[in-house]
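Worksheet for the structure shown next.
Just so you know, all these numbers are worked out from the coordinates, no wet-lab data involved. Quick caveat, the model's predicted, so the values are computed rather than measured. When we count neighbours, we look across all protein chains shown, and the Cβ atoms used for this are built from the backbone with ideal geometry, even at glycine.
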Amino acid sequence: MQTHHIVKRGNRYHYVCRIPADLLHHFPSPTIYKNLRTSEAKSARLLASAEEYRIQQLFLQLRSGMLNEDLEKHLIVY
C-alpha cells in the first residue's frame, strides 16, 4: 500500500495529514504531524498506512457524531 503522507525530516520519517475543513474546529492545528520514529522507508510506509487508517477512522467518527466530548478530547492529542 502506498501513502502520500510521508515526509522525511533529517534522517527520520514523519506522517503528515491536513485536517478536512469540516473538522478543523475539533483540532488545535490544521495539520497533523506524527514522528514515525524510523529512518527506513519500508517501515515508514507500513507505519504511515496504520496511522492513515487510524486517522480516517477518527474523521469518520467525528463526522458521525458518535463520540462524546470527553472521548473526543482523549482521541485528539495532536
Q. All but one of (1) out of contact with any Ser or Thr (no Cβ under 6 Å at 6 or more places or on another chain); (2) over 20 Å from Ile76 (Cβ atoms) hold for Ser49; which doesn't?
A. (1)
(Q) Is it the case, given these coordinates, that Leu67 is of a type outside the set (Lys, Arg), surrounded by 16 or more Cβ atoms within 10 Å (Cβ to Cβ) and in contact with a helix residue (DSSP H, G or I) (Cβ under 7 Å, 6 or more places away or on another chain)? (A) yes
(Q) Please return the ranges of strands (runs of 3 or more DSSP E) entirely within the range 2-78 where 3 or more residues are of a type outside the set (Lys, Arg) and either touching a His at 6+ places or on another chain (Cβ under 8 Å) or touching a residue at least 12 places away in the same chain (Cβ under 8 Å) (or both). (A) 12-18, 31-35
Q. What number goes with the only condition from (1) under 14 Å from Val77 (Cα atoms); (2) touching a strand residue (DSSP E or B) at 6+ places or on another chain (Cβ under 8 Å); (3) surrounded by 12 or more Cβ atoms within 10 Å (Cβ to Cβ) that His26 does not pass?
A. (2)
